[in-house]
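Visitor: Dropping the structure in here first, questions after.
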Amino acid sequence: MKHQSMRATATLNLIAICLSMTVSICAVLGQDGTTTVIQGVVQTEGGEPIRNARIDISTATPVSGPALFCPSCYLDCQKWTTTDDLGRFKIADLDSQLKFRLVISAAGYKTAQTGLLEPQEKSHDLTLLARPKTIDMSRTVQGFVRNETGIAVQGALVSPVYTIDRKGLRSSSTKGVSPSVTDSKGYFEIDLVDGVSAIDVEISAAGLCNKRLLDLKPGGDLTTLELLEGASIGGTIHSKGRPVAGMTVSVAQTDRVDRGEKFFQKAIPTVTDSQGRFELKNLLPNQEYCVYSVRGEADRSNSASILKTQKFVTPSSGEYLGIGRLTVVQPVSIGGRLVRSDGEPIPKLALRLNRDPAWDLIKVPVASDGSFRIDGLPPEVYEIDLASSDFDLDADKIDCLLWTERSVKKLIEKTIDDFELPIRQIERKNSRSERTETQVLTGRVILAGEVGVSGLVVSANDGNEPKAITADDGTFMLEIPATAAWLKLYRPDKDGMRFWYLGRVKPKFEGDAFTIQLGPETTSQIETVSKTQK
């Protein structure tokens with residue numbers, strides 16, 4: 001009877017009318033002249049305001065120029081808000097160089113998504129349709145969202161992240177299965193489409209820790225989903241004994257792999273106050289995170305100071321961890337040139353710098369003569385990525401390990417002015433499977449000073465067989481096809497169950513032993529912050 005009563009309540013909410021929602025988007029410059037505010041009003045077709053509607057930024061793309069990052073990777077894509085009693089909303093401190101797609105959800109109505117909204121446009125009108133009066137509840141996932149004390153959570157976004165077919169196979173495509181927002185009782189409904197028998201969802205709500213739940217099915221008892229408070233961390237940043245105000249600080253999980261209910265929550269930023277203090281709440285408990293200053297696309301700093309990436313482990317839900325007094329470091333720079341192997345001019349390109357494990361999207365423009373430079377970097381390891389589908393790095397002219405066909409990893413401890421990257425235009429060929437002769441490759445993996453590295457896995461091509469393990473002096477022998485494209489190197493954990501990718505190199509069949517030298521970036525370790533728990 002309780003379930004029937006709840007369904008009746010939900011049905012009463014499904015009024016067969018359309019909402020007209022006006023979204024005004026205003027460009028408002030911040031102190032650094034680079035931020036945008038999106039604000040607007042959500043109202044019915046008759047002009048009545050809608051309160052507690054939720055507005056999320058789902059994706060972004062540059063206003064002009066190529067998109068170097070995935071549409072949902074920008075930090076602004078984690079921002080959301082709800083409407084007030086007058087139906088008004090505002091999302092502030094957005095990058096004015098981006099345009100944004102909004103997702104609008106309200107209990108009892110179909111979720112809608114806007115097109116890409118450019119900052120210079122003033123307003124956008126769209127219609128939210130109410131859910132139909134008649135719903136096939138046997139095809140609807142229903143549930144409640146509560147906090148850990150059992151109180152209903154209103155305005156929580158329940159988003160499908162995987163769909164599951166009748167054979168139990170998961171797909172990241174959730175087309176046709178829309179997110180839902182909980183009502184005042186914490187209740188939500190998500191309608192499934194043909195071919196989908198269950199879904200995995202992620203739930204987010206103000207003041208609570210995000211959570212992922214698996215295999216939610218329609219019909220049967222209503223699912224109750226519990227959100228925890230999560231962990232909190234805080235600290236201070238100083239330079240020469242003085243607090244650093246206005247610095248953009250972010251934390252991100254170091255493990256980005258999704259496993260079951262464990263998921264990667266993208267970086268969470270904040271800005272230090274006048275005393276250099278910062279605090280972040282509702283983090284996933286008992287997870288390894290890193291803390292760092294933001295240098296790339298999401299930088300909102302009024303400070304030129306730089307913080308090196310350091311790691312820590314969050315406490316249990318409801319607990320606070322003080323990560324101490326962090327000290328800024330002297331920034332470094334990298335400059336150099338791209339050089340085409342065929343001697344032709346360099347087209348319009350850009351480099352992408354990735355900081356692992358920091359989640360920091362850094363774009364480096366390349367001039368028409370191939371030169372590039374970026375200043376103000378923390379001294380640490382970077383992946384320098386040629387963000388192009390038309391060019392690869394010319395591995396035959398590069399002595400160091402490559403990370404991918406288009407990137408290298410490099411430890412930048414001090415300023416570099418003459419870093420050269422040979423590149424080549426990709427030749428499009430029809431792939432054919434042809435039998436080739438094999439050849440025995442004799443090689444050795446060393447560190448600086450000719451020190452052999454033992455216990456590494458060396459494999460051909462895609463990381464499958466054949467494989468070899470380096471001996472105590474770093475030597476190995478591997479029988480591979482003479483046309484093998486790459487050798488890949490991995491470092492196994494002591495238990496042999498987990499393997500850390502180190503990079504790849506083109507094999508050379510020249511009779512003599514093939515030497516692979518590991519650079520300092522392969523052995524560099526992230527420091528752990530000093531901490532005090534209370």
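The values are calculated or read from the model by the stated rules, or taken from the named source; none is laboratory data. Every value quoted in this text rests on a predicted model; they were computed, and no experiment measured them. Methodologically, a virtual Cβ is constructed for each residue, glycine included, from the backbone with ideal geometry; neighbour enumeration extends over all protein chains shown. For accessibility, only protein heavy atoms count, side chains too; no ligands or nucleic acids. Shrake-Rupley method; radii C 1.70, N 1.55, O 1.52, S 1.80 Å.
Visitor: Pick from THR248, THR309: which is among the polar types (S, T, N, Q) and in contact with a Phe, Trp or Tyr (Cβ under 6 Å, 6 or more places away or on another chain)?
Guide: Residue meeting the stated conditions: THR309.
Visitor: Give the residues of region 253-269 that are more than 25 Å from ARG300 (Cα to Cα) and among the small types (Gly, Ala, Ser), sorted by residue number.
Guide: Passing the criteria: only GLY260.
Visitor: Have a look at VAL158, VAL193 and point out the one that is among the aliphatic types (A, V, I, L, M) and more than 26 Å from the chain's Cα centre (by Cα).
Guide: That would be VAL193, the only listed residue that is among the aliphatic types (A, V, I, L, M) and more than 26 Å from the chain's Cα centre (by Cα).
Visitor: Would a scan of region 304-316 turn up a residue that is among the polar types (S, T, N, Q), modelled with pLDDT of 95 or more and open to solvent by 10 Å² or more (accessible area, probe 1.4 Å)? Spell out how you get there, then give the answer.
Guide: So in region 304-316, the residues among the polar types (S, T, N, Q) come out as 305, 309-310, 314, 316.
This time we only want the ones that are modelled with pLDDT of 95 or more, so: 309-310, 314, 316.
Cutting the leftovers down to open to solvent by 10 Å² or more (accessible area, probe 1.4 Å) gives us 310, 316.
Within region 304-316, one or more residues are among the polar types (S, T, N, Q), modelled with pLDDT of 95 or more and open to solvent by 10 Å² or more (accessible area, probe 1.4 Å).
Visitor: Also: For ARG337, are the conditions met, namely being in contact with a strand residue (DSSP E or B) (Cβ under 9 Å, 6 or more places away or on another chain), surrounded by fewer than 18 Cβ atoms within 10 Å (Cβ to Cβ), without any contact (Cβ under 8 Å) to a residue 60 or more places away in the chain and assigned to a strand (DSSP E or B)?
Guide: no
Visitor: Which members of region 248-287 meet the condition of being assigned to a strand (DSSP E or B), among the polar types (S, T, N, Q) and either open to solvent by less than 30 Å² (accessible area, probe 1.4 Å) or without any contact (Cβ under 8 Å) to a residue 40 or more places away in the chain (or both)?
Guide: So the first thing to find is which residues in region 248-287 are assigned to a strand (DSSP E or B), and the list is 248-253, 259, 262, 268-271, 277-283.
If we keep only those that are among the polar types (S, T, N, Q) too, we end up with 248, 250, 253, 270, 282.
If the condition is that a residue be assigned to a strand (DSSP E or B), among the polar types (S, T, N, Q) and either open to solvent by less than 30 Å² (accessible area, probe 1.4 Å) or without any contact (Cβ under 8 Å) to a residue 40 or more places away in the chain (or both), then THR248, SER250, GLN253, THR270 are the ones that fit.
Visitor: Please verify whether region 387-400 includes one or more residues that are touching a residue at least 24 places away in the same chain (Cβ under 8 Å), open to solvent by less than 30 Å² (accessible area, probe 1.4 Å), on the phi > 0 side of the Ramachandran plot and outside any loop (DSSP other than H, G, I, E, B).
Guide: Looking through region 387-400, none of the residues is touching a residue at least 24 places away in the same chain (Cβ under 8 Å), open to solvent by less than 30 Å² (accessible area, probe 1.4 Å), on the phi > 0 side of the Ramachandran plot and outside any loop (DSSP other than H, G, I, E, B).
Visitor: Next question. Pairs, please: C-beta under 8 Å, at least 6 apart or cross-chain, first residue closer than 21 Å to PRO179 by Cα and in region 49-70, second basic (Lys, Arg) and not in a loop (DSSP other than H, G, I, E, B)?
Guide: That search, which allows pairs on different chains as well, returns ILE57/ARG101; SER58/ARG101; THR59/ARG101; ALA60/LYS99; ALA60/ARG101.
Visitor: Next up: Do you know which of the residues in region 354-386 that are hydroxyl-bearing (Ser, Thr, Tyr) and in contact (Cβ under 8 Å) with a residue 24 or more places away in the chain is surrounded by the fewest Cβ atoms within 10 Å (Cβ to Cβ)?
Guide: SER371
Visitor: Return the residue satisfying two criteria in turn: it lies in region 42-72 and is of a type in the set (A, V, I, L, M, F, W, C) and under 29 Å from GLY108 (Cβ atoms), and of such residues it is most open to solvent (accessible area, probe 1.4 Å). Quick ask: steps written out before the conclusion?
Guide: Step one: list which residues in region 42-72 are of a type in the set (A, V, I, L, M, F, W, C), which gives 42, 50, 53, 55, 57, 60, 63, 67-70.
Right, trim to under 29 Å from GLY108 (Cβ atoms) and you get 42, 50, 53, 55, 57, 60.
Values: VAL42: 2, ILE50: 26, ALA53: 1, ILE55: 1, ILE57: 5, ALA60: 5 Å².
That would be ILE50.
Visitor: When only residues in region 124-157 that are assigned to a strand (DSSP E or B) and open to solvent by 40 Å² or more (accessible area, probe 1.4 Å) count, which is farthest from THR83 (Cα to Cα)? Steps first, answer last, please.
Guide: Residues of region 124-157 that are assigned to a strand (DSSP E or B), as a first pass: 124-130, 140-147, 152, 157.
From what is left, the residues that are open to solvent by 40 Å² or more (accessible area, probe 1.4 Å) are 125, 127, 129, 146.
Numbers: ASP125: 16, THR127: 16, LEU129: 18, ARG146: 21 Å.
So, considering only residues that are assigned to a strand (DSSP E or B) and open to solvent by 40 Å² or more (accessible area, probe 1.4 Å), the one farthest from THR83 (Cα to Cα) is ARG146.
Visitor: From ILE237, ILE199, which residue is modelled with pLDDT of 95 or more and either in contact with a His (Cβ under 9 Å, 6 or more places away or on another chain) or closer than 28 Å to ASP360 by Cβ (or both)?
Guide: ILE237
Visitor: Hey, another quick one. Considering region 73-85 alone, what residues qualify as being assigned to a loop (DSSP other than H, G, I, E, B) and either among the aliphatic types (A, V, I, L, M) or open to solvent by 50 Å² or more (accessible area, probe 1.4 Å) (or both)?
Guide: First, pick out the residues of region 73-85 that are assigned to a loop (DSSP other than H, G, I, E, B): 73-74, 79, 83-85.
Scanning region 73-85 gives LYS79, ASP84, ASP85.
Visitor: Please go through region 181-203 and pick out each residue that is part of a strand (DSSP E or B) and open to solvent by 20 Å² or more (accessible area, probe 1.4 Å).
Guide: GLU189, ASP191, GLU202
Visitor: What are the residues in region 38-48 that are over 24 Å from LYS266 (Cα atoms), in contact (Cβ under 8 Å) with a residue 60 or more places away in the chain and in a strand (DSSP E or B), if any?
Guide: GLY40, VAL42
Visitor: Moving on to the next point. Across region 158-180, which residue is most open to solvent (accessible area, probe 1.4 Å) among those that are among the small types (Gly, Ala, Ser) and in a strand (DSSP E or B)?
Guide: Of all residues in region 158-180, those among the small types (Gly, Ala, Ser) come to 159, 168, 171-173, 176, 178, 180.
Next, only the ones that are in a strand (DSSP E or B) stay: 159, 171, 180.
On the way: SER159: 28, SER171: 46, SER180: 15 Å².
This residue is SER171.
Visitor: Any idea which of SER197, SER159, SER178 is over 24 Å from ALA53 (Cβ atoms) and of a type in the set (Gly, Ala, Ser)? Break it down into steps so the answer makes sense when it comes.
Guide: Working: SER159 fails: over 24 Å from ALA53 (Cβ atoms); SER178 fails: over 24 Å from ALA53 (Cβ atoms).
From the options SER197, SER159, SER178, the qualifying one is SER197.
Visitor: Can you name the residue in region 204-247 that is closer than 17 Å to PHE144 by Cβ and of a type in the set (Ser, Thr, Tyr) and is also least open to solvent (accessible area, probe 1.4 Å) among such residues?
Guide: Filtering region 204-247 for residues that are closer than 17 Å to PHE144 by Cβ and of a type in the set (Ser, Thr, Tyr), the one least open to solvent (accessible area, probe 1.4 Å) comes out as SER204.
Visitor: Being out of contact with any helix residue (DSSP H, G or I) (no Cβ under 7 Å at 6 or more places or on another chain), at pLDDT 80 or above and farther than 29 Å from THR174 by Cα narrows it down to one of ASP84, ASP76, ASP32, ASP56, so name that one.
Guide: ASP84
Visitor: Here's another thing I want to ask about it. Among the residues of region 350-373, count how many are in contact with a Leu (Cβ under 7 Å, 6 or more places away or on another chain) and either among the aliphatic types (A, V, I, L, M) or not in a strand (DSSP E or B) (or both).
Guide: Adding up the residues that qualify gives 6.
Visitor: Could you check region 317-334 and list, in sequence order, the residues that are free of Cβ contacts under 8 Å to residues at least 60 places away in the same chain and aliphatic (A, V, I, L, M)?
Guide: Passing the criteria: only VAL329.
Visitor: If you don't mind, there's one more thing I want to ask. Within region 467-497, which residues are more than 15 Å from PHE514 (Cβ to Cβ) and at pLDDT 80 or above?
Guide: Correct list: LYS467, ILE469, ASP472, TYR490, ARG491, PRO492, ASP493.
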